[in-house]
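Colleague: For reference, the structure I am asking about is given below.
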Amino acid sequence: MPLQIHAYSTLRMPIAPDFPCRSLHQEHRLDAHLPPSLQELMNRVMEGGNREMTQSLYAVMRHIERVHHHYRFEIAEAELQQISKWAWESNSILVYPDRSVRDPAGHRLVDTETGLPDEHAKIPFPVDARERKLVSEQTLRNRLIDTPESLPPVISELEVEFRDADEVAWRCLALFMVAVRAESLSAGKPIPIGKLREKSPMAFEALTPNEIEFLNTDHPDQQSVVNFLWRYEALFTLQWALGMHAHMPFPDEICDVPKVAELQIAQPNRLQVAEAELRQGSSHASRELLDAVDMNYRMLWAARNAKVHDQTPPSGIDGGVISERQHALNWIIQFENADWDDVDIPS
């Protein structure tokens, strides 16, 4: 009797099964039925929230979040091994008839009873993502920054969907507005909101709910002022992503705020949005962006680890700079499909 197998691929472009199978059915993430079924799978993996999150379960959940294509097919049990090569190539995890979640080789990633993985089970990652991780680790080791090998690769060129350049440019307008307001409050010389709106009305069209609340508060608390003042670092990162800075410097000091402001003021808002071009316009530029995501992600772990253990951050890295960069980068790669206010920066 044939077995019905579900395969969940994270690649943007579909790769059709190259082995004998029957009743092949395929869904894309934009199809109405797929998001609810992915949510159901995540609930099942976590046993409706009753399982304690582990490193292996977290990795499976991250994979499911990145799924672009779902395949359902029937195959003879004797031919199961033929799936493996295609599953690695398509970066798919598999769900067997017993509802266990498997890696491409058929090892259990999530046992239906215990939720635990087999000893040899491996979450699949595209080759470029795995290679990027190794390069980042070696580069950081050369700077005397050690990070655990267990930190997974970040999203691959074959998986990622970057935000559009004009959306990034709009976000720059909003970040500059709240950072300037925060800077003026910090200096004890608050710039009136009306004057800011007069200078950049387009920026007010791009504000998030949290940013609107901050600007509408006459006397925000000190922590809010500090938080929004830090947005200059996120703004610098988005400017870099738009090609406005040649390099992303090592994060051992804050960005050149006057230069960031100068670049933001230099172009009229409409021109900045209309002419925005993201680094992902070429394969080389896309790799630059993802290289930055991966490297910064590992440095974020190192900075947080030093803070937890009350140690001096290795090589003088600045956790605040790194956090703001990661917020911006995770937003660009649409990590967890989150809006700006809801972007997470796990490490």
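The values are calculated or read from the model by the stated rules, or taken from the named source; none is laboratory data. All values derive from a computational prediction rather than experimental measurement. So basically every Cβ, Gly included, is an ideal-geometry build from the backbone, and we count neighbours across all protein chains shown.
Colleague: For segment 256-267, check the following and say yes or no: at least one residue is buried (at least 20 other Cβ atoms within 10 Å of the Cβ), of a type in the set (Val, Ile, Thr) and touching a Lys or Arg at 6+ places or on another chain (Cβ under 8 Å).
Modeller: Filtering segment 256-267 down to residues buried (at least 20 other Cβ atoms within 10 Å of the Cβ) leaves 260, 264.
Keeping just the survivors that are of a type in the set (Val, Ile, Thr) gives 260.
Checking the rest, the ones that are also touching a Lys or Arg at 6+ places or on another chain (Cβ under 8 Å) come to none.
No, segment 256-267 contains no residue that is buried (at least 20 other Cβ atoms within 10 Å of the Cβ), of a type in the set (Val, Ile, Thr) and touching a Lys or Arg at 6+ places or on another chain (Cβ under 8 Å).
Colleague: Of all the residues that make up segment 1-36, how many are surrounded by 12 or more Cβ atoms within 10 Å (Cβ to Cβ) and under 22 Å from the mean Cα position of the chain (by Cα)?
Modeller: Result for segment 1-36: 10.
Colleague: For segment 58-67, name all the residues that are more than 24 Å from Leu3 (Cβ to Cβ) and not basic (Lys, Arg). Lay out the reasoning, then the answer.
Modeller: Step one: of segment 58-67, the residues more than 24 Å from Leu3 (Cβ to Cβ) are 58-59, 61-62, 65-66.
Listed by number, the residues that qualify are Tyr58, Ala59, Met61, Glu65.
Colleague: If you take the residues of segment 137-153 that are surrounded by fewer than 16 Cβ atoms within 10 Å (Cβ to Cβ) and of a type in the set (Asp, Glu), which of them is nearest to Trp88 (Cα to Cα)?
Modeller: Glu149
Colleague: Please go through segment 31-57 and pick out each residue that is hydroxyl-bearing (Ser, Thr, Tyr) and over 20 Å from His6 (Cα atoms).
Modeller: Correct list: Thr54 only.
Colleague: In addition: What about Arg102, is it crowded, with 17+ Cβ neighbours inside 10 Å and either among the small types (Gly, Ala, Ser) or in contact with a helix residue (DSSP H, G or I) (Cβ under 6 Å, 6 or more places away or on another chain) (or both)?
Modeller: No; evaluated as a whole, the condition is false for this residue.
Colleague: Inside segment 226-285, can you point out the residues that are touching a residue at least 40 places away in the same chain (Cβ under 8 Å), outside any helix (DSSP H, G or I) and of a type in the set (D, E, K, R)?
Modeller: Listed by number, the residues that qualify are Asp252, Glu253, Glu277.
Colleague: Okay, moving on. Looking at Glu79, Glu119, can you tell me which residue is under 25 Å from Ile5 (Cβ atoms) and without any contact (Cβ under 8 Å) to a residue 60 or more places away in the chain?
Modeller: Going through Glu79, Glu119 in turn, the sole match is Glu119.
Colleague: Residue under question is Ser156, and the condition is that it be crowded, with 21+ Cβ neighbours inside 10 Å and either in contact with a Ser or Thr (Cβ under 7 Å, 6 or more places away or on another chain) or over 29 Å from Met46 (Cβ atoms) (or both); does it hold?
Modeller: In short, no.
Colleague: Filter segment 125-160 down to residues that are under 23 Å from Ile332 (Cα atoms) and either in the same structural domain as Trp301 (by TED's automatic domain parsing) or among the hydroxyl-bearing types (Ser, Thr, Tyr) (or both), then give me how many there are.
Modeller: Residues meeting the conditions: 2.
Colleague: Determine whether Lys199 is touching a His at 6+ places or on another chain (Cβ under 9 Å) and surrounded by fewer than 19 Cβ atoms within 10 Å (Cβ to Cβ).
Modeller: Considered against the rule, which asks whether it is touching a His at 6+ places or on another chain (Cβ under 9 Å) and surrounded by fewer than 19 Cβ atoms within 10 Å (Cβ to Cβ), Lys199 comes out as no.
Colleague: So is Ile93 modelled with pLDDT of 95 or more and either surrounded by fewer than 16 Cβ atoms within 10 Å (Cβ to Cβ) or over 17 Å from the mean Cα position of the chain (by Cα) (or both) or not?
Modeller: yes
Colleague: Take the conditions farther than 17 Å from Tyr58 by Cβ and of a type outside the set (D, E, K, R) and apply them to Leu151. Does it pass?
Modeller: No.
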